[in-house]
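Quick notes on the structure that follows.
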Amino acid sequence: MRVVFYILILISLGSIWSCAKDKTPLPPPPEEPEVWEKFVGNYNVYDTNGNYLYQLRINHYYHNDNYGDSLLLENFNANFDLKIQFLPHPDGNVLNYGFYDSIKGYDNHSWTIGSNIDDSTTEVIENKLINDSIILYFRQTNIQYWINEGVPYYYCDCKQVAVKQY
């Protein structure tokens, strides 16, 4: 009788150990966003004293394997829409919008624009997305066009604070 009792115990223990929970498959890891995606959005832009200037919108514009991704900065400096090739920076949070000549403004006047490198006289890194803000630091001028277009000369090493709106 003991033998039957031990056999029943072994069978019941074996069936308990053999029962394993069905493993639910883990969800796939989230896709890592493209580097440029963090810049896309609506921004309120202020001067360095906190006075509201204009609204800026950054959109993904184009992808081409030869040239990479592009961004459209709508209403840049409240003057024009600027299409830029997104140039990834080793930091990942730096927006380098390069140098562009002969950009037509909303008033049909021409501009030269380029992003300035970081201003070493300040502690804050310009053209870098920190939390929800970017200090846009750029040069805008009409030096090549003002006489022919009959407009006042303009030159600015501009600093503006763009704050992302959610």
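The values are calculated or read from the model by the stated rules, or taken from the named source; none is laboratory data. Owing to the predicted nature of the structure, the values given are computational and were not obtained by experimental measurement. Using ideal geometry, Cβ is built from the backbone for each residue, glycine included, and neighbour counts are taken over all protein chains shown. Ligands, DNA and RNA are stripped out before the accessible areas are found, and what is left, the full protein with its side chains, is counted by its heavy atoms. Shrake-Rupley method; radii C 1.70, N 1.55, O 1.52, S 1.80 Å.
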(request) Would you check which residues across the stretch 117-166 are aromatic (Phe, Trp, Tyr), open to solvent by 40 Å² or more (accessible area, probe 1.4 Å) and either assigned to a strand (DSSP E or B) or in contact with a helix residue (DSSP H, G or I) (Cβ under 6 Å, 6 or more places away or on another chain) (or both) and list them? (result) 153, 155
(request) Filter the stretch 125-161 down to residues that are in contact (Cβ under 8 Å) with a residue 40 or more places away in the chain and among the charged types (D, E, K, R) and give me whichever is nearest to residue 77 (Cα to Cα). (result) 159
(request) Would you check which residues across the stretch 57-71 are assigned to a strand (DSSP E or B), open to solvent by 30 Å² or more (accessible area, probe 1.4 Å) and not charged (D, E, K, R) and list them? (result) 59, 60, 61, 62, 63, 64
(request) State whether one or more residues within the stretch 77-92 are open to solvent by 30 Å² or more (accessible area, probe 1.4 Å), small (Gly, Ala, Ser) and modelled with pLDDT under 95. (result) no
(request) Within the stretch 98-116, identify whether any single residue is in contact (Cβ under 8 Å) with a residue 12 or more places away in the chain, touching a helix residue (DSSP H, G or I) at 6+ places or on another chain (Cβ under 7 Å), on the phi > 0 side of the Ramachandran plot and not in a strand (DSSP E or B), and answer yes or no. (result) no
(message) Residue under question is residue 85, and the condition is that it be closer than 18 Å to residue 60 by Cα, of a type in the set (S, T, N, Q) and free of Cβ contacts under 8 Å to residues at least 60 places away in the same chain; does it hold?
(response) yes
(message) Residue under question is residue 23, and the condition is that it be basic (Lys, Arg), within 19 Å of residue 140 (Cα to Cα) and either out of contact with any His (no Cβ under 8 Å at 6 or more places or on another chain) or surrounded by 15 or more Cβ atoms within 10 Å (Cβ to Cβ) (or both); does it hold?
(response) no
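Just to verify a result, which residue in the stretch 32-49, among those that are assigned to a loop (DSSP other than H, G, I, E, B), out of contact with any His (no Cβ under 9 Å at 6 or more places or on another chain) and in contact (Cβ under 8 Å) with a residue 24 or more places away in the chain, is least open to solvent (accessible area, probe 1.4 Å)?
Among them, the one singled out is 47.
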